[in-house]
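What follows is calculated from the coordinates using simple rules that are stated; it is not laboratory data. What you see is a predicted model; the values in this text were computed from it and never measured. All Cβ positions, even for glycine, are placed from backbone atoms using ideal geometry, and neighbour counts span all protein chains on display.
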Amino acid sequence: MMMTKKEAVAAAAIAVVADLFLFLSMITYQVKQLLESHNVNYIVKEHEPTPTSQDSARARGEPLKIGAKALIVKAKQGFIMAVLPADKKLDTKKLKIILGSKNLRFATQEELKEVTGLPPGAVPPFSQFFNIPLLVDNSLFDEEYMAFNAGSLTVSIKMKTNDYQMIVKPQTADFSF
């Protein structure tokens, strides 16, 4: 029995959604595996889709200041992951100086998809999954805990910031306000 054009389009759309779900689930799985391989305690919370830091904090029932936002920026040396507390803003002037780059900009949605395979708001603060350098703002470690979307807009992880520091051994600097 042959499919109609409408059925074929619907089947293709379902296949694309299934592939995307599998990929997003894979990143979440990789984050969990990384934490477990270091014997780190963490909490997973499933929630409605949360594309912004404010939405995520509200859905998690946690203060915004423990949120860790992973921003993908492009400097002269290429793409870099900059992680800072969700209640702070990126100080691009400071980051340009730190990176020694005259130009600095946020990745476009297309570039974010190309670099991470993820939608905005879903990128976890682990740059090793994307083979890009990592820079973490010192103020992230002012809080005992951090929380972040773990490769999905509907799955968050909460963990201790000192465990995160032990796992990723990040280069740190002051680049938020």
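DSSP beta bridges in the range 5-173, what fraction antiparallel, as a percent rounded to 5?
Around 75 percent of the beta bridges assigned by DSSP in the range 5-173 are antiparallel ones.
Using Cβ counts within 10 Å as a stand-in for footprinting exposure, how do Thr4, Thr50 rank, fewest first? Write down the numbers at each step before the final one.
Values: Thr4 8, Thr50 21.
In increasing order of surrounding Cβ atoms, one gets Thr4, Thr50.
When only C-alpha pairs under 8 Å and at least 6 residues apart count, what is the relative contact order of the chain, in percent?
Relative contact order comes out at 27 percent.
In deg cm²/dmol and to the nearest 500, what is the mean residue ellipticity at 222 nm of the chain if only DSSP H runs of at least 4 residues count, each as -39500 (n - 2.57), divided by the residue total?
-11500 deg cm²/dmol
Going Cα to Cα from Lys76, which aspartates and glutamates come in below 16 Å? Please leave out same-chain ones fewer than 8 positions away.
Cα-Cα hits under 16 Å: Glu111.
Among Ala173, Gly121, Leu99, whose Cα sits farthest toward the positive end of the charge dipole of the chain (+1 at Cβ of Lys/Arg, -1 at Cβ of Asp/Glu, about the Cα centre)?
Leu99
Give me the net charge of Ser56's neighbourhood, meaning all other residues with Cβ under 13 Å from the Cβ of Ser56; Lys, Arg count +1, Asp, Glu -1. Don't jump to the answer; show the numbers that get you there.
Details: positive: Lys45, Arg58, Arg60, Lys65, Lys69, Lys158; negative: Glu46, Glu48, Asp55, Glu62, Asp87.
Net charge in that neighbourhood comes out at +1.
In the Gaussian network model of the chain, springs joining C-alpha atoms below 10 Å, which of Met81, Met159, Met26 carries the largest mean-square fluctuation?
For the chain, modelled as a Gaussian network with Cα springs under 10 Å, the answer is Met26.
Using a cut-off of under 17 Å, list every residue of the range 69-87 whose amide N is near the label point 7 Å from the Cα of Glu114 along the Cα-to-beta-carbon line.
Answer for the range 69-87: 72-81.
For Asp55, Asp137, Asp174, what's the fewest-to-most ordering of other Cβ within 10 Å of each Cβ?
By the 10 Å Cβ count, ascending, the order reads Asp174, Asp55, Asp137.
Can you list the lysines whose alpha carbon is less than 16 Å from that of Lys32, not counting same-chain residues fewer than 8 positions off?
Lys45, Lys158, Lys160
May I ask you to sort Ile132, Ile157 by Cβ crowding, counting other Cβ atoms within 10 Å and putting the fewest first? Mind showing how you got there, number by number?
Values: Ile132 15, Ile157 23.
Neighbour counts put them in this order, fewest first: Ile132, Ile157.
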